[in-house]
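Heads up: the structure comes next, in structure tokens.
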Amino acid sequence: MSHQRNPRAQLTPAMHHVLDRMARGRQLPLHALTPQQARQVYEIGSGMLDIPGHKLARVQELQIAVRDGQSIAARLYAPAQQALPVLLYFHGGGFTIGSVATHDALCRHLSHLAHCAVLSVDYRLAPEHKFPTAANDAWDALQWLVAQAGGLGLDGTRLAVGGDSAGGTLAIVCALQARDAGLPLALQLLFYPGCAAHQDTPSHKTYAHGFVLEEPQITYFFNHYVNTPADRDDWRFAPLNAADVDGVAPAWMGLAECDPLVDEGVLYADRLRAAGVPVELEIYRGVVHEFIKMGRAIPEALQAHADAARALKHAFQTA
């Protein structure tokens with residue numbers, strides 16, 4: 001993608017306004033906080049620009065058993081009590097912050113719009129749980145869902161994986177493992193996923209500062225998550241390093257134009273297309289990373305929700 005010399009000129013007026021308000025708020029940057037403090041700040045701020053949570057017929061707290069004998073929390077959303085197809089959703093937050101709670105409104109809205117169930121997973125976070133715990137938890141959650149769907153009154157034959165940012169990375173990793181395990185998925189639903197081993201694309205330089213997700217923050221998150229720099233080259237951290245992507249589930253990808261991660265998202269979409277995987281790629285102009293959780297202020301957020309839901313509906317109808 002081409003990046004302008006004055007990248008702020010690309011922003012929509014509404015996006016400009018949000019960034020100016022954030023700058024005036026002058027909070028300490030997340031990377032100046034402990035991970036525990038950063039989680040609290042993100043949790044408090046997560047509802048500020050987000051739409052109100054949609055009321056649904058079914059919202060259920062669940063526990064998922066994972067491989068090391070622990071269990072992780074998850075929340076099931078469904079707009080009706082019938083056996084609906086399911087989107088397994090992983091929240092963003094650099095593997096360090098974020099939770100089912102911070103992404104509650106988004107998951108409710110996707111469930112409502114796509115008329116499907118959404119299972120949102122509280123995978124374990126770094127630095128308490130380093131790489132590859134999040135990836136293992138994500139795959140364990142998918143296997144658990146396959147086994148438990150019937151008992152939960154869901155349609156376990158029609159499943160999709162999805163996520164935003166680091167959660168998008170986890171969804172991609174699950175899709176690759178599902179392919180290897182012979183588990184058919186209807187779709188991978190990816191909002192600005194992390195795909196690359198290093199922050200070395202042009203968009204990382206262009207949007208390094210002043211566009212919500214800042215370079216020091218990315219480094220802070222990843223340094224908490226990886227054990228050694230070598231972990232960054234593992235395909236479970238950087239899906240662009242996967243040996244091949246042939247035969248993986250179709251993808252819908254929604255990227256933000258003014259986002260450090262936009263170039264790696266495009267590269268991954270290109271990689272999928274080159275392998276013959278159907279890809280629908282939307283680049284939302286003039287918005288930044290995290291925009292899908294700004295539906296009160298940013299109309300592109302609601303557009304992205306609608307586009308994603310349409311893709312989900314279509315994938316489940318044809319699965």
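Where a number appears in this text, it was derived from the coordinates with a stated rule and is not lab data. Computed from a predicted model, the values in this text were never measured in an experiment. Cβ coordinates were reconstructed from backbone atoms using ideal geometry, including for glycine residues, and neighbour counts include every protein chain displayed.
The simple spin-label model puts a point 7 Å past each Cα toward its Cβ; for ASP20 and GLN36 those points are separated by 3.9 nm.
Here the residues TRP252, TRP144, ranked from fewest to most Cβ neighbours within 10 Å of their Cβ, fall in the order TRP144, TRP252.
Tell me the mean residue ellipticity at 222 nm calculated for the chain from its helices only (DSSP H runs of n ≥ 4, each -39500 (n - 2.57), averaged over every residue, nearest 500).
-11500 deg cm²/dmol
Note on region 7-318: Kirkwood hydrodynamic radius from all Cα pairs is 19.2 Å, rounded to one decimal. May I ask you to derive the relative contact order of region 76-139, considering only C-alpha pairs under 8 Å and at least 6 residues apart, and to give it as an integer percent? That works out to 42 percent.
Toward the positive end of the charge dipole of the chain, with +1 on the Cβ of Lys and Arg and -1 on the Cβ of Asp and Glu, the farthest Cα among LEU33, SER203, GLY182 is that of LEU33. Between ARG285 and ASP68, the contour length at 0.36 nm per residue exceeds the Cα-Cα span by 73.9 nm.
With a cut-off of 18 Å, note down the residues of region 118-137 whose backbone N falls inside the zone around a label point 7 Å from the Cα of GLU61 toward its beta carbon. From region 118-137, the list is 119-124.
Over the chain, calculate the relative contact order: mean separation of alpha carbon pairs under 8 Å at least 6 apart, over the residue count, as a percent.
Over the chain, the number comes to 20 percent.
You can think of it this way: the chain between GLN303 and ASP270 has 9.6 nm of extra reach, that is 0.36 nm per residue less the Cα-Cα gap. Of all DSSP beta bridges confined to the chain, the antiparallel ones make up roughly 30%. Taking only C-alpha pairs under 8 Å that are 6+ residues apart, what is the relative contact order of region 193-310 in percent? In percent, rounded to a whole number, it is 29.
Applying the Kirkwood pairwise sum to the alpha-carbon positions of region 182-273 produces a hydrodynamic radius of 14.1 angstrom. From the alpha carbon centroid of region 112-138 to that of region 274-319 is 19 Å.
Helix 104-114 axis versus longest C-alpha principal axis of the chain: approximately 60°, rounded to the nearest ten. Taking the C-alpha atoms only, the angle from helix 133-148 to the longest principal axis of the chain is near 30 degrees. For the options ILE172, ILE292, ILE72, a Gaussian network treatment of the chain with springs between C-alpha atoms closer than 10 Å singles out ILE72 as fluctuating the most.
Over 27 Å between Cα atoms, which of LYS55/LYS293; LYS130/LYS313; LYS55/LYS130 qualify? Each step should come with its number before you reach the end.
Values: LYS55/LYS293 17 Å; LYS130/LYS313 35 Å; LYS55/LYS130 35 Å.
Over 27 Å apart, Cα to Cα: LYS130/LYS313; LYS55/LYS130.
Taking label positions 7 Å along the Cα-Cβ direction at both ALA80 and HIS314, the computed distance is 2.2 nm, reported to one decimal. By how many degrees, between 0 and 90 and to the nearest 10, does the Cα long axis of helix 35-45 differ from the longest principal axis of the chain? Around 90 degrees separate the two axes. Overall dimensions of region 173-212, expressed as equivalent-ellipsoid semi-axes from the Cα gyration tensor (√(5λ), whole Å, largest first), are 31, 12, 6. Taken along the Cα-to-beta-carbon direction at a fixed 7 Å, the label points for ASP180 and ASN241 span 1.4 nm.
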